[in-house]
Amino acid sequence: MQVSVGAIGRYIKTWTDPDEFRPERFLPGGEAEDVGPLPGPKEIRMMPFGTGHRFCPGVGLAMMNIKCLLAVLVHEFQWKPPTEGCAGVDVTELNTFVKGMKTSLSARLTRRTLSS
Ligand code: HEM
């Protein structure tokens, strides 16, 4: 049996406008405030690390690394729009070998100095 993880994460009866990029859903008060990397005990609305016997044993390491990477990117760099026109981000999926986004984020990063 093959379970479509992608379809679960974008099920129209579970999610409001599932194709919209709305990370605030996961904030307190949002429709997904109780949804995290571990599948819930009652219903599964998203399962990025799988579930059951084959559940990803690297979930803790992965989540920690993602948070560290984000923290470093924000803490160590100043983010500015690119010098030449910014097309904006378009997360429309491209069905290439791996999923890609139509227009990815373009930005100018400068290393923060200790004084800034
Ligand atoms: C964002 C990062 C990651 C994602 C989204 C992810 C996702 C997944 C998923 C969905 C599965 C289950 C596949 C299935 O049901 O057959 C899985 C299994 C597995 N993952 Fe990850 N993973 C991540 C990072 C890691 C890391 C950092 C490690 C190790 C350091 C790891 C090690 C494994 C292993 C060994 C399995 C196989 C478990 C088994 O079959 O018993 N993963 N992962």
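No lab work stands behind these numbers, since they all come straight from the coordinates. Only a predicted model underlies this, so the values are computations on that prediction, with no experimental measurement involved. Cβ coordinates were reconstructed from backbone atoms using ideal geometry, including for glycine residues, and neighbour counts include every protein chain displayed.
Summary of values
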quantity: Highest-fluctuation residue, V98, V89, V72 considered, GNM on the chain with Cα pairs under 10 Å; calculated: V98
quantity: log10 of Debye I(q)/I(0), alpha-carbon scatterers only, for region 4-116 at 0.15, 0.20 Å⁻¹; calculated: -0.95, -1.33
quantity: Cβ-Cβ FRET estimate between T51 and T96, R0 fixed at 25 Å, reported to 0.05; calculated: 0.40
quantity: Contour minus Cα-Cα distance for S4 and F26 (0.36 nm per residue); calculated: 5.8 nm
quantity: Those aspartates and glutamates that a straight Cα-Cα span of less than 13 Å connects to K102, excepting residues fewer than 8 apart in one chain; calculated: D90, E93
quantity: Principal semi-axes in Å for region 66-116 [√(5λ), Cα gyration tensor, largest first]; calculated: 26, 16, 7
quantity: Integer Hz, Karplus 6.51/-1.76/1.60 couplings in order for region 35-52, x for Gly and Pro; calculated: 9, x, x, 8, x, x, x, 9, 10, 9, 9, 6, 9, x, 10, x, 7, x
quantity: Stokes-Einstein D for region 7-58, Kirkwood Rh over Cα pairs, 10 °C, 1.306 mPa s (µm²/s); calculated: 134 µm²/s
quantity: Sequence-distant residues sharing a close amide H with F77 (under 5 Å, placed H); calculated: R112
